[in-house]
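Participant: Sharing a structure with you now.
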Amino acid sequence: MEIKQENRKWLDDMQLSHPIVIAGPCSAETEEQVLKTAHQLKETDTNVFRAGIWKPRTRPGGFEGVGEIGLPWLQKVKKETGMLVTTEVGNATHVEMALKHDIDILWIGARTTVNPFVVQEIAEALKGVDKPVLVKNPVNPDLPLWLGAVERFYASGITQLGVIHRGFSTYNSLHYRNKPKWHIAIELKKEFPNLPLILDPSHICGRRDTILDVSQTALDLNYDGFMIETHIDPDKAWSDAKQQITPARLDEITQDLRIRQESSSKEEFQRNLALFRRELDLIDNNLIDLLKDRMGISEEIGRLKHKENVAILQSARWADILQKMIDLGNKNGLNKEFVEKIFKAIHVESINIQHHVK
Ligand code: PEP
Ligand code: MN
């Protein structure tokens, strides 16, 4: 499958200039909240108004969206403000209702992208209607699953496509609600350079104060735009209150973002250098995360051995690990001394940790 330059044309047709700004509440709550938010957003750089009509909630009992009665509110937004409107569809019935109410762009939520049966059902419901579809990444960091969803839509004749990076669920992340995996989005861009790539910093951050920073990173990585949850009274939002911002704050953020200009070859060099450095920084951060996890496991092993009164140093196992890593390193073009040095250091630290557990 090849996404061609012409598959981006819908951005021009819909006059979505760079960076695209999709904003609006996590959920449509009342007609008044929807319209008030939209009128305030109209005064910002927002090109597309978003609102969730059907909400996929982790546990039952939460607010699951207003449902079909909210769709005419979106039509009103379009009529009164001229903004395009978008909502999430999670099954074929949603598609049918969204089409009936002339929603301009549809998006596929993270919990839907994980399920090829549902993606296929939605793709089939959309056959013959070439509406733009934005596919959020699946909850888990699985690039083929993400691409697979895009491919299902493409195969169904939906040629106006885009993807949204909304971060990936992790068991324990201190800083993010859903951890961004910049390299996955970079890989995706490598495979489909013409596929519009949008960042959803709201679901990545899960809070308000880091949205600008994460959005800047995306711009530096050539993202095409943003989807940002915005509410007239964020603290009182019926869903995702902690991460929603006011239209006024959204305006500040879009003003503060440094949008890179078309540039000379020297600037091109600086830009590439900055991109590579950012990738290096991300890998280094991952190395620290991995080391933290590895040491955590050493600690658990230490506890087990302590309980069973087993010696900490298991020489045969250690010799075996070291040799395996040297061989693997060799296969991957890494110098033997280098790999040896690193694993010896890791081993020493691991033994230290095991000594200190009780
Ligand atoms: C949303 O955009 O409100 C939403 C539910 O997003 P996600 O599918 O990324 O969790
Ligand atoms: Mn939300």
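The numbers here are math on the coordinates, done by the rules we state, and not lab data. A quick note: this is a predicted structure, and the numbers were derived from the prediction, not measured. Positions of Cβ are backbone-derived with ideal geometry, glycine not excepted, and every protein chain shown enters the neighbour counts.
Participant: Rounded, prolate or oblate: which fits the chain when a ≥ b ≥ c are the square roots of the eigenvalues of the alpha-carbon gyration tensor, with rounded for a/c under 1.5 and prolate only if a/b beats b/c?
Facilitator: prolate
Participant: Cβ neighbours within 10 Å, averaged per peptide: list 157-169, 47-59 in order, most packed at the top.
Facilitator: 157-169, 47-59
Participant: Shifting gears a bit: Cβ under 9 Å from Gly70's Cβ, Gly70 left aside: what net charge do those residues give with Lys, Arg +1 and Asp, Glu -1?
Facilitator: Charge balance near Gly70 sits at -3.
Participant: So what are the ³J(HN,Hα) numbers for region 209-221, from phi and the Karplus equation (6.51, -1.76, 1.60; θ = phi - 60°), rounded to whole Hz, Gly and Pro as x?
Facilitator: 6, 10, 4, 4, 4, 5, 5, 5, 4, 5, 5, 5, 9
Participant: Where both residues lie in the chain, what percent of DSSP beta bridges are antiparallel, nearest 5?
Facilitator: Of those bridges, close to 5 percent are antiparallel.
Participant: Report ³J(HN,Hα) in whole Hz for each residue of region 224-240, in order, from the Karplus equation J = 6.51 cos²θ - 1.76 cosθ + 1.60 where θ = phi - 60°; Gly and Pro get x.
Facilitator: With coefficients 6.51, -1.76 and 1.60, one gets 8, x, 9, 10, 10, 6, 9, 9, 5, 9, x, 4, 9, 4, 7, 8, 6 Hz.
Participant: Taking the Cα centre of region 267-356 as origin and charging only Cβ (+1 Lys, Arg; -1 Asp, Glu), how large is the dipole, in debye to the nearest 20?
Facilitator: Roughly 320 debye, rounded to the nearest 20.
Participant: With point charges of +1 on the Cβ of Lys and Arg and -1 on the Cβ of Asp and Glu, referenced to the Cα centre of region 24-142, which listed residue (Leu84, Gly62, Leu126) lies farthest in the positive direction of the dipole?
Facilitator: Positive-most Cα among the choices belongs to Gly62.
Participant: Multiply the residue separation of Ile283 and Arg303 by 0.36 nm, subtract the distance between their alpha-carbon atoms, and state the gained length in nm to one decimal. The partial results should precede the final answer.
Facilitator: Numbers: separation 20, 0.36 × 20 = 7.20 nm, distance 3.03 nm.
Gain on stretching Ile283 to Arg303: 4.2 nm.
Participant: Next up: Given points 7 Å out from each Cα along the Cα-Cβ axis, report the Asp13 to Lys336 separation in nanometres with one decimal.
Facilitator: The modelled label-to-label distance comes out at 6.1 nm.
Participant: Ok, one more. How big is the charge dipole of the chain about its Cα centre, in debye rounded to the nearest 20, if each Lys and Arg gets +1 on its Cβ and each Asp and Glu gets -1 on its Cβ?
Facilitator: Result for the chain is approximately 1020 debye, rounded to the nearest 20.
Participant: By its C-alpha gyration tensor, with a ≥ b ≥ c as the square roots of the eigenvalues, how is region 267-356 shaped: rounded for a/c under 1.5, else prolate for a/b larger than b/c, else oblate?
Facilitator: It comes out oblate by the Cα gyration axes.
Participant: Which whole-Hz couplings ³J(HN,Hα) result when phi for each residue of region 107-124 is put into the Karplus expression 6.51 cos²θ - 1.76 cosθ + 1.60, θ = phi - 60°, listed in order with x for Gly and Pro?
Facilitator: 10, 9, x, 4, 6, 8, 4, 5, 10, x, 4, 5, 4, 4, 4, 5, 4, 5
Participant: Something else about it: Rounded to the nearest 500, what is the 222 nm mean residue ellipticity of the chain from helices alone, with -39500 (n - 2.57) per DSSP H run of 4+ residues and division by all residues?
Facilitator: So the calculated ellipticity at 222 nm is -16000 deg cm²/dmol.
Participant: With +1 on each Lys and Arg Cβ and -1 on each Asp and Glu Cβ, and nothing else charged, work out how big the dipole of region 312-358 is about its Cα centre, in Debye to the nearest 20. It would help to have the intermediate numbers written out before the result.
Facilitator: Working: 7 positive and 5 negative charges, 16 e Å.
It works out to roughly 80 debye.
Participant: Springs between alpha-carbon pairs under 10 angstrom, Gaussian network model over the chain: which of Glu31, Glu299, Glu121 fluctuates most?
Facilitator: Taking springs between Cα atoms under 10 Å, the residue moving most is Glu299.
Participant: Defining a contact as two alpha carbons under 8 Å apart and six or more residues distant in sequence, what relative contact order in percent does the chain show?
Facilitator: 14 percent
Participant: Hey, another quick one. Given the pairs Lys131/Lys179; Lys42/Lys236; Lys136/Lys181, which span a C-alpha to C-alpha distance of over 24 angstrom in this model?
Facilitator: Violating the 24 Å Cα-Cα cut-off are Lys131/Lys179.
Participant: Okay, moving on. Pick out, from Val348, Leu287, Gly333, the residue whose Cα sits farthest towards the positive end of the charge dipole of region 267-356, with +1 on the Cβ of Lys and Arg and -1 on the Cβ of Asp and Glu.
Facilitator: Projecting each Cα onto the dipole axis, the largest value belongs to Val348.
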